[in-house]
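Remarks on the structure that follows.
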Amino acid sequence: MSKDFHDQGPRRVGQVKEVTSLANPIIKDIKALTNKKSREESGTFLAEGLKLVIDAIELGWTIRTLVYAKAAKGKPLVEQMAARTVASGGLVLEVSEKVIASITRRDNPQMVVGIFEQRWKPLKDIRPREGETWVALDRVRDPGNLGTIIRTADAAGASGIILIGETTDPFSLETVRATMGSVFAVPVARATPEEFIAWRKSAGVCVVATHLAGAVDYRTIDYRKKPVVLLMGNEQSGLPDQLAGQADALARIPQQGRADSLNLAVATAVMLFEARRHLLLLAEGK
C-alpha cells in the first residue's frame, strides 16, 4: 500500500481529488483490494453502489475513501455521502468511467464505490440471548454461498455469523456483492475449531448441526429452549467429527428426487427460516 492511501492528511480534507489515470497510486491501491492479502494488510474492503455506501454510513461503518464517476457528480445523495466522507476525515475521488470500471472489474460499473474499514465481532463478546439464532459455518469456500448466507441471515432475523477454520473472505468483492448490503447489518466473527468448541461450552447455546448422518428431521427440533447456533458444514466434505460431536442435535433435511444434497446456502436458508418459525410461535404463545 502506498503512503497516499493511508495518509489522507489535512491537504485533502474538504477537497475532492480528481483522478483520470489508471496509473495513479491511490487507484492502484484501491484496485489491490480485490486481493485478500491487500485487504488484510490495510484492514479495508470495497463496496459497490450508492445504496450500499449509504447503508454502511448510516449503520456507522467507517469510510476511508468515496469514489464516484463524473456522471454521478451533482446528484444530491452522492453529494451528501461525499460531505459525510469528508466530515469523517475520508478522501473523496471523482474519477473517469474507465477508472471506476477498472476498480470494479465491470464493463457497466456502479457509479459509486466506497472503501470501508473491516469490522469483525470478537467471539468472546458473543453471548447469545434467548430467542437469538446464530449461524456457524465450517470452512465455507464459495464467496457466493457466504454472501447469500449473510443476506439470508439478515432476512431471517439471525443475530450473526461465526466463521470456523479457513473460510472464504466475507469482505471479498464477490462476497460483498452477494450480500446485497447485508454485510453491513450482520455481525461476523471468526474462530478456529478449538476456539469455537471452547466458546460453545461456555455460551449456553443449543447447537443444531446438519449432517448426512443426521437422525432427526429438522422440523421436529425445538429451537426455542435456548439460543440456537445452526452449525453448517463445508460444501464438499460436510462437518468433521470434531465439530459434529459438539452438536446437541444432528439434523437432516428430507429430500426426494435424484439430488443427494442441497447447496449450502439453500440448506442454511431452510434451517434459518425453520428456526424463525419456531421463535414466531413462541412469541405468539403457542
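Things worth noting here:
- When SER159 is tested against (1) within 23 Å of GLY238 (Cβ to Cβ); (2) touching an Asp or Glu at 6+ places or on another chain (Cβ under 7 Å); (3) not aliphatic (A, V, I, L, M), exactly one condition is not met: (1).
- Check on VAL229, in contact with a Phe, Trp or Tyr (Cβ under 7 Å, 6 or more places away or on another chain) and either farther than 22 Å from GLU195 by Cβ or surrounded by 15 or more Cβ atoms within 10 Å (Cβ to Cβ) (or both): yes
- A single entry from ALA82, ALA32, ALA71 fulfils the requirement of being within 20 Å of LEU173 (Cβ to Cβ) and among the small types (Gly, Ala, Ser): ALA32.
- Search result, residues across the stretch 137-179 that are assigned to a strand (DSSP E or B) and either among the acidic types (Asp, Glu) or in contact with a Phe, Trp or Tyr (Cβ under 9 Å, 6 or more places away or on another chain) (or both): ASP138, GLY160, ILE161, ILE162, ILE164
- Scanning the stretch 85-117 for residues that are surrounded by fewer than 17 Cβ atoms within 10 Å (Cβ to Cβ) and of a type outside the set (Gly, Ala, Ser) turns up GLU97, LYS98, ARG105, ARG106, ASP107, ASN108, GLU117.
- Screening VAL208 with (1) out of contact with any Ser or Thr (no Cβ under 8 Å at 6 or more places or on another chain); (2) surrounded by fewer than 17 Cβ atoms within 10 Å (Cβ to Cβ) gives one miss only, at (2).
- Across the stretch 28-53, the number of residues qualifying as under 11 Å from VAL112 (Cβ atoms) and surrounded by fewer than 17 Cβ atoms within 10 Å (Cβ to Cβ) comes to 1.
- Among residues of the stretch 248-282 being outside any helix (DSSP H, G or I) and among the acidic types (Asp, Glu), the one that is surrounded by the fewest Cβ atoms within 10 Å (Cβ to Cβ) is ASP260.
- Positions within the stretch 100-118 being at pLDDT below 95 and not acidic (Asp, Glu), in sequence order: ILE100, ALA101, SER102, ILE103, THR104, ARG105, ARG106, ASN108, PRO109, GLN110, MET111
- Counted residues, the stretch 184-210 - those being within 12 Å of the chain's Cα centre (by Cα) and closer than 20 Å to ARG276 by Cβ: 4
- Options LEU280, LEU272, LEU264, LEU250: the member that is without any contact (Cβ under 8 Å) to a residue 40 or more places away in the chain and aliphatic (A, V, I, L, M): LEU280
- Which numbered condition LEU123 fails, given (1) modelled with pLDDT under 95; (2) under 18 Å from the mean Cα position of the chain (by Cα): (1)
- The single condition among (1) at pLDDT 95 or above; (2) surrounded by fewer than 16 Cβ atoms within 10 Å (Cβ to Cβ) that GLU18 does not satisfy is (1).
- Failed condition for GLU274, given (1) at pLDDT 95 or above; (2) within 27 Å of THR192 (Cβ to Cβ): (2)
- Per-region count, the stretch 186-224, residues over 18 Å from GLU132 (Cα atoms), in contact with a strand residue (DSSP E or B) (Cβ under 7 Å, 6 or more places away or on another chain) and in a helix (DSSP H, G or I): 1
- Scanning the stretch 161-183 for residues that are within 10 Å of the chain's Cα centre (by Cα) and at positive phi turns up MET180, GLY181.
The values are calculated or read from the model by the stated rules, or taken from the named source; none is laboratory data. Since this is a predicted model, take the numbers as computed values, not measurements. Using ideal geometry, Cβ is built from the backbone for each residue, glycine included, and neighbour counts are taken over all protein chains shown.
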